[in-house]
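Derivation of every value follows stated rules applied to the coordinates shown; laboratory data play no part. The shown structure was predicted, so the numbers you read here are calculated from the model rather than taken from an experiment. Reconstructed Cβ throughout: ideal geometry from the backbone, glycine too, with neighbour counts over all protein chains shown.
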Amino acid sequence: MVFVVNLFIRTIKNTLWWSVFTSIFTLSLYCFGSFVLFMK
């Protein structure tokens, strides 16, 4: 039972970290695109 809970918590942490990383990556990509368009 403890193993299942640990696995569940680890999965949630990984998912949270991945979503945060993806959102930051998308945001930086968007800012970079806007900057390039603005410079043209």
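Adding -39500 (n - 2.57) for every DSSP H run of four residues or longer, then dividing by how many residues the chain holds, sets the calculated 222 nm ellipticity at -35000 deg cm²/dmol.
Between 0 and 90 degrees, rounded to the nearest ten: what's the tilt of helix 2-39 against the longest Cα principal axis of the chain? Once rounded, one gets 0 degrees.
Potential lengthening of the chain between residue 18 and residue 1 amounts to 3.5 nm, from the contour at 0.36 nm per residue minus the alpha-carbon distance.
For the chain, what D do you get in µm² per second when you plug the Kirkwood radius from alpha-carbon pairs into Stokes-Einstein at 4 °C and 1.567 mPa s?
This corresponds to a translational diffusion coefficient of 106 µm²/s.
Put a dot 7 Å past the Cα of residue 8, heading toward its Cβ, do the same for residue 27, and the two dots end up 3.0 nm apart.
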